[in-house]
Amino acid sequence: MSDNILTRIIANKRREVEAMMALRPIEASALAEAVQRRRMSRRSFSRTLAASPTGIIAEFKRRSPSKGDIHPSALVSDVIPAYARAGASACSVLTDTPYFGGALTDLTLARTITDIPLLRKDFTVSDYQIQEAALCGADAILLIASALTREEIERFTATAHSLSLEVLLELHSLDELDRFCPEVDMVGVNNRNLSTFHTDPTLSLTLARQLPDTTVKVAESGLTSMTEVTRLRNVGYRGFLIGETFMRHPSPGDALAKFLKEF
């Protein structure tokens with residue numbers, strides 16, 4: 001992999017996770033309790049998207065490596081309930097701190113104030129992070145194909161399922177199709193190239209035809225209108241992850257409500 005933004009993020013993430021594993025080991029008893037709570041909640045990220053008329057996954061993020069600050073003062077306590085009231089099917093919460101301004105505490109708080117499914121969006125490189133996601137109340141985790149081997153994807157998916165978490169596998173190109181494994185619960189097509197952060201809105205249309213019809217498909221990045229969402233729904237997508245379009249607004253929940261009026 002060439003020296004690009006994703007390479008730097010992953011290298012930093014590995015150092016970060018190694019330090020946290022030493023500083024804050026996860027107790028088996030706490031993890032077992034979290035898994036039991038998750039099983040009792042019966043929230044399925046994939047089934048919610050499949051049944052939703054809109055499938056909007058509203059994202060909470062304060063900044064990005066390519067755009068810098070987006071909404072640096074945003075509070076989970078304000079944004080997440082507003083997203084739910086406006087009609088979000090699910091929410092994505094960025095938990096990476098250096099590059100996206102997020103934190104695990106954002107996810108933990110989000111879980112206490114909404115019942116809709118939550119995705120922990122981060123750069124997964126270790127089983128430890130999947131255990132963290134379970135402890136903090138996530139319903140699903142993200143695996144990025146370009147950052148992992150096929151074997152890692154299979155192993156992390158098995159770990160997630162053992163903790164009653166679902167998996168969203170994110171693809172960025174046709175070259176990554178060989179890392180698709182049928183065990184994942186959802187496949188996301190990210191229109192943003194994580195090496196350059198260039199966005200190509202047509203990528204979701206191209207890759208849709210290459211994925212099994214039974215796969216719950218999620219389009220990510222570069223979506224700015226309900227017209228685009230409808231076009232993608234017509235080719236088989238059931239989830240639409242949108243962050244910057246809403247988060248640049250002073251009130252992201254109001255931005256989502258206005259967006260959905262076009263539906």
Among the residues of the stretch 69-91, which ones are crowded, with 20+ Cβ neighbours inside 10 Å and within 16 Å of SER52 (Cα to Cα)? TYR83, ALA84, ALA86, ALA88, SER89, ALA90, CYS91
Scan (1) in contact with a strand residue (DSSP E or B) (Cβ under 8 Å, 6 or more places away or on another chain); (2) assigned to a helix (DSSP H, G or I); (3) open to solvent by less than 40 Å² (accessible area, probe 1.4 Å) for the single condition ASN12 breaks and write down its number. (1)
Which residues, taken from the stretch 37-53, are open to solvent by 90 Å² or more (accessible area, probe 1.4 Å) and not in a loop (DSSP other than H, G, I, E, B)? ARG37, ARG39, MET40, ARG47
What number goes with the only condition from (1) open to solvent by 20 Å² or more (accessible area, probe 1.4 Å); (2) assigned to a loop (DSSP other than H, G, I, E, B) that THR124 does not pass? (1)
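Could you look through the stretch 149-178, keep only residues that are over 19 Å from ALA133 (Cα atoms) and modelled with pLDDT of 95 or more, and pick out the one that is most open to solvent (accessible area, probe 1.4 Å)? Steps first, answer last, please.
Within the stretch 149-178, the subset over 19 Å from ALA133 (Cα atoms) is 149-151, 171-178.
When the remaining residues are screened for being modelled with pLDDT of 95 or more, the result is 149-151.
Details: THR149: 64, ARG150: 74, GLU151: 122 Å².
So the residue we want is GLU151.
Only one of PHE259, PHE246 is in contact with a strand residue (DSSP E or B) (Cβ under 8 Å, 6 or more places away or on another chain), at pLDDT 95 or above and over 19 Å from LYS121 (Cβ atoms). Can you tell me which? Step through it out loud before you land on a result.
Numbers: PHE246 fails: over 19 Å from LYS121 (Cβ atoms).
Step by step, each of PHE259, PHE246 is checked, and only PHE259 is in contact with a strand residue (DSSP E or B) (Cβ under 8 Å, 6 or more places away or on another chain), at pLDDT 95 or above and over 19 Å from LYS121 (Cβ atoms).
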I need a count of the residues in the stretch 102-116 that are surrounded by fewer than 19 Cβ atoms within 10 Å (Cβ to Cβ) and in contact with a Lys or Arg (Cβ under 7 Å, 6 or more places away or on another chain). 0
Every residue in the stretch 67-97 that is more than 17 Å from ILE242 (Cβ to Cβ) and either over 17 Å from the mean Cα position of the chain (by Cα) or assigned to a strand (DSSP E or B) (or both), please. GLY68, ASP69, PRO72, SER73, LEU75, SER77, ASP78, PRO81
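In the stretch 118-157, which residues are of a type in the set (Asp, Glu) and under 10 Å from the mean Cα position of the chain (by Cα)? Before the answer, list the steps.
First, the residues of the stretch 118-157 that are of a type in the set (Asp, Glu): 122, 127, 132, 139, 151-152, 154.
Scanning the stretch 118-157 gives a single hit, ASP122.
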Mind checking whether some residue in the stretch 205-223 is open to solvent by less than 10 Å² (accessible area, probe 1.4 Å), in a helix (DSSP H, G or I) and either at pLDDT 90 or above or not hydrophobic (A, V, I, L, M, F, W, C) (or both)? no
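The values are calculated or read from the model by the stated rules, or taken from the named source; none is laboratory data. Just so you know, these numbers come straight off a predicted model, no measurement behind them. Note: ideal-geometry Cβ built from the backbone for every residue, glycine included; neighbour counts use all protein chains shown. Only protein heavy atoms, including side chains, enter the accessible area calculation; ligands, DNA and RNA are left aside. Shrake-Rupley method; radii C 1.70, N 1.55, O 1.52, S 1.80 Å.
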